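The values are calculated or read from the model by the stated rules, or taken from the named source; none is laboratory data. Source: prediction; values computed, not measured. Neighbour counts run over all protein chains shown; Cβ positions are idealised from the backbone, glycine included. These accessible areas exclude ligands, DNA and RNA; they are computed on the full protein's heavy atoms, side chains included. Shrake-Rupley method; radii C 1.70, N 1.55, O 1.52, S 1.80 Å.
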Amino acid sequence: MSEIKESDLPGIGKKFTLELDSGVKLVVVIHSTGEREVFKFTRDNDEPTSVTTLADEEARQLGAILSGTFFQPVVEEEHKLAMKNAKMEWIKIAPDSILANKKIDALDIRKKTGVSITTIIRGETVIPNPPSSEIITPQDTLIIIGNNEQVNNFISTFEIKHRLKNDRQ
């Protein structure tokens with residue numbers, strides 16, 4: 001696994017450098033404004049071969065894609081073993097759901113069921129690791145994670161009727 005080097009850029013933000021096994025180096029500069037710049041350097045080249053600038057929301061959407069929120073590729077056997085007891089479910093919130101129009105912290109989901117909400121998908125907006133103050137709205141899709149027992153407990157506790165077919169695991 002590659003090491004990530006972090007350094008402060010006074011008055012600008014932070015710089016993260018990742019050297020890939022292929023010899024390519026990626027440098028991500030996160031500006032204090034939220035803007036991100038991604039520089040790609042090829043082996044033995046001091047000039048970037050490409051530069052991509054992302055607004056804060058664009059960077060968060062890309063991060064969600066890269067972390068597997070939208071698609072999970074087939075995982076190698078050793079990773080399957082590590083995730084053996086973890087289960088992810090995609091839950092569509094109906095207008096009459098017990099969860100609808102309530103803050104996450106008010107529902108006490110983790111304490112009652114053991115699952116965590118990893119992501120909320122609201123139309124075209126993706127909210128990874130939503131804050132406890134986030135309000136769950138009708139038509140949201142929640143991505144939850146827990147073991148089988150915890151997920152089943154969530155589904156029964158909150159009377160979930162709208163589970164999405166999950167081919168993403």
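Within region 21-46, the residues that satisfy the criterion of being open to solvent by 60 Å² or more (accessible area, probe 1.4 Å), over 16 Å from Leu62 (Cβ atoms) and not polar (S, T, N, Q) are Asp21, Lys25, Arg43, Asp44, Asp46. Scanning region 56-63 for residues that are in a loop (DSSP other than H, G, I, E, B) and at pLDDT 85 or above turns up nothing.
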